[in-house]
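The next block holds one structure in the form of structure tokens; read it before the comments.
The values are calculated or read from the model by the stated rules, or taken from the named source; none is laboratory data. Keep in mind the model is a prediction, meaning the values are calculated, not measured. Note: ideal-geometry Cβ built from the backbone for every residue, glycine included; neighbour counts use all protein chains shown. In case anyone asks, the SASA skips ligands and DNA or RNA and just uses the protein heavy atoms, side chains included. Shrake-Rupley method; radii C 1.70, N 1.55, O 1.52, S 1.80 Å.
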Amino acid sequence: MASEIICLGIESTAHTFGIGIASSENGVLVDVKSVYKPPFGAGIHPREAAQHHCEEAPSVLNQALKEFSRKIDSVDAVAFSMGPGLGPALRTGATVARALATWLNKPLVPVHHAIAHIELASLLTGAKDPLVILVSGGHTTITAYADRRWRVFGETEDITLGNLLDVFARESSLPSPGGPAVESLAKKGGKFIDLPYVVKGNDVSFSGLLTAAKKKLQMNCDLKDLCHSLQEVAFSMVAETSERALAFTEKKEVLLVGGVAANERLQQMISEIACEHNASFYVVPKRYSGDCGAQIAWTALLVYRSGIEIKVEKSYVKPKWRLDQVAIPWRDE
Amino acid sequence: MLIKKGAEANLYLEKWHGIKAIIKKRMPKKYRIDELDTKIRQTRTVREAQLIHNARTVGIPSPIIYAIDLEKTTIIMKYIEGIRVKDVLNSPTFEKKQELCYQIGQLIGQLHNAGMIHGDLTTSNMIVFKNRIYLLDFGLGDHSIDLEERGVDLLLIKRAFQSAHYKYFKPCFAALTKGYKQEVGEEISSEVMKRLRDIERRGRYTSRGELHEDYEV
């Protein structure tokens, strides 16, 4: 396999510091990560997350290279998530990547974190031209590919779905990460508590819903019922806007990706709308739904093979890099 | 006869008391729990009928409502045999496109002037028939003169152009905002445009500089 290309990718947009290694012939070879856990009752502090990444980077890298079991020289390019994300966290990953690329004398490859979620999920599920629903702590976006770009058909106008669940869980003194905690309590709840349902065309807005849910919490509503109702309202909003985008784009595949994609109730809802419109439903495997180095490594292969690399001295991170600003040379029409 | 299965409702073309009519039925959504689903469908059925009626009284082309059935979340309305703006936009000349977008802007302006918000402006919710643009699908609309809601209305149509008609987004959206300004006046137009920018900035991953250029009219 003389034509095999191998990329090492570093992920550090938020709480996860991850290193993945992927091969153009064999897909993901290595995926190692260390996740920063904020103190109980607090959110991610960017400086603390960066500090965590800084401390964990050597051991994650060592572990990744150990599992790789080939010479480090066989890596053809070093990639990093250039954005979007928390500035200090991004810069830590970028620093490791620049150092490695310089030391190995290999090209440095910039990767967009959200596109990396989509590309790894496409590889793992086999989805070719899907309507993508990306739901995580950093994103809530409904997007489809056309003419060299991911086009955004709907998104949140304020906080993300992951953010909604995390903050609500924190306010209810549930353990972090909030999504799974809310999900397991929701399964035990049954009574529906009315909460604001806000859909604006293909867009959603969760901040009013969060405020209302917090108020209900103060009114001593049953937490199980509240988790159930919060999930039902928030996920129905996402399902409805996804269905609108699906009807509009007439895509034949639906792909659910991002950390919140691991939620079974959300999966059920999105699979129902896909079925209703005769589209195939795909969801990223749970193991790879959250942030990881593998997504960066795999996407780096596609970016690198398209001839894109970045000089170390120009490799500034982009904390606010929008998905639809990235040119995509590697996807077919 | 089912003619369109949309995300929001099914459309049937039937004879109703001897006339051709569209029966728009908001179907139960399997993914939503009943309590939520029934409430949403009923509210939207009422809203849509009210708003279409009010839009017509101020001269905005929109289908005549014949009847509504709240139990069945169904509206029976006039059949308009036109083509969706989404499909029209892809064919005509550049000038014609701009003219169409100017008209869309005027329509949105008229709607806002009359104290209404559409709430779901896309190019598939507008039909061209005999050189007039008909507005449809008012289910997410409201009676409001709120700046925020007007801003969201324009954001939605802007997003539609950016995502589905990206090849001619800039000239089209510029023509649209011109039409809007002509209708609501310089002052309100600039306030709404400013709010539109604010809403965009509030969203995820947007920064001042990158968005600014889109708005030169």
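Here are the numbers for the structure shown:
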{"quantity": "Separation in nanometres of the label points that stand 7 Å from Cα toward Cβ, at A:K314 and B:A67", "calculated": "6.8"}
{"quantity": "Sequence-distant aspartates and glutamates (8 or more away, or on other chains) whose Cα lies within less than 18 Å of B:K15", "calculated": "B:D69, B:E81"}
{"quantity": "Total accessible surface hidden between B and A, rounded to 100 Å², 1.4 Å probe", "calculated": "3500"}
{"quantity": "FRET efficiency, 1/(1 + (r/R0)^6) with R0 51 Å, evaluated for A:E171 and A:K66 via beta carbons", "calculated": "0.80"}
{"quantity": "Check: chain A dipole with +1 on Lys, Arg Cβ and -1 on Asp, Glu Cβ, in debye", "calculated": "620"}
{"quantity": "Shape call, region A:42-145: gyration tensor on alpha carbons, a/c limit 1.5", "calculated": "oblate"}
{"quantity": "Positive-pole candidate from B:T43, B:A67, B:M77, dipole of region B:2-78, charges at beta carbon", "calculated": "B:M77"}
{"quantity": "Computed over region B:2-78: relative contact order in percent, which uses C-alpha pairs under 8 Å that are six or more apart", "calculated": "27"}
{"quantity": "Between region A:185-260 and region A:5-54, the alpha-carbon center distance in angstrom", "calculated": "28"}
{"quantity": "Inter-chain Cβ neighbour average for residues B:26-35, partner chain, 10 Å", "calculated": "6"}
{"quantity": "Surrounding net charge for A:W150, when Lys and Arg each add one and Asp and Glu each subtract one, Cβ distance under 12 Å", "calculated": "0"}
{"quantity": "Cα Rg, Dmax, the protein assembly as shown, angstrom units", "calculated": "24.5, 81"}
{"quantity": "Check: region B:83-215 dipole with +1 on Lys, Arg Cβ and -1 on Asp, Glu Cβ, in debye", "calculated": "480"}
{"quantity": "Local electrostatic count, A:E48, Cβ distance below 13 Å [Lys/Arg +1, Asp/Glu -1]", "calculated": "0"}
{"quantity": "Of A:G43, A:G162, A:G87, the one that fluctuates the most in a GNM where chain A has Cα springs shorter than 10 Å", "calculated": "A:G43"}
{"quantity": "Region B:83-215 shape via C-alpha gyration tensor axes, a/c threshold 1.5", "calculated": "oblate"}
{"quantity": "Estimated FRET transfer efficiency (B:K15, A:C275; beta-carbon r; R0 45 Å; 0.05)", "calculated": "0.90"}
{"quantity": "Cα-based shape type of region B:2-78, given that a ≥ b ≥ c are square roots of the gyration tensor eigenvalues and the cut on a/c is 1.5", "calculated": "oblate"}
{"quantity": "Signed unit charges on C-beta, dipole axis of region B:83-215, positive-most listed residue B:L154, B:S190, B:T93", "calculated": "B:T93"}
{"quantity": "Candidate lysines for bridging to B:K97, where Cα separation is under 19 Å - those fewer than 8 sequence places away on the same chain excluded", "calculated": "B:K86, B:K130, B:K158, B:K167, B:K170, B:K178, B:K181"}
{"quantity": "Length added when fully stretched, B:R84-B:K30, from 0.36 nm per residue minus Cα-Cα", "calculated": "16.6 nm"}
{"quantity": "Chain A: DSSP helices with Cα axial extent of at least 27 Å and average Kyte-Doolittle hydropathy no lower than 0.0", "calculated": "A:223-249"}
{"quantity": "Cα lying deepest toward the dipole's positive end in region A:129-287, options A:A261, A:L209, A:A169, charges on Cβ", "calculated": "A:A169"}
{"quantity": "Under 21 Å from the Cα of A:K314 - lysines, other chains or at least 8 residues apart", "calculated": "A:K106"}
{"quantity": "Region A:129-287, relative contact order in percent, only Cα pairs under 8 angstrom and at least six apart counted", "calculated": "27"}
{"quantity": "For B:D153, net neighbour charge (Lys/Arg +1, Asp/Glu -1) across residues whose Cβ lies under 12 Å away", "calculated": "-1"}
{"quantity": "Amide N of region A:250-273 lying under 20 Å from the label point, which is placed 7 angstrom from the Cα of B:K167 along Cα→Cβ", "calculated": "A:250-251"}
{"quantity": "Table column - 3J(HN,Hα) (Hz), region B:101-111, Karplus curve with 6.51, -1.76, 1.60, x for Gly and Pro", "calculated": "5, 4, 4, 4, x, 4, 4, 4, x, 4, 5"}
{"quantity": "Per-residue [θ]222 nm for chain A (sum of -39500 (n - 2.57) over DSSP H runs n ≥ 4, rounded to 500)", "calculated": "-13500 deg cm²/dmol"}
{"quantity": "Percent antiparallel among DSSP beta bridges (both partners in chain A, rounded to 5)", "calculated": "60"}
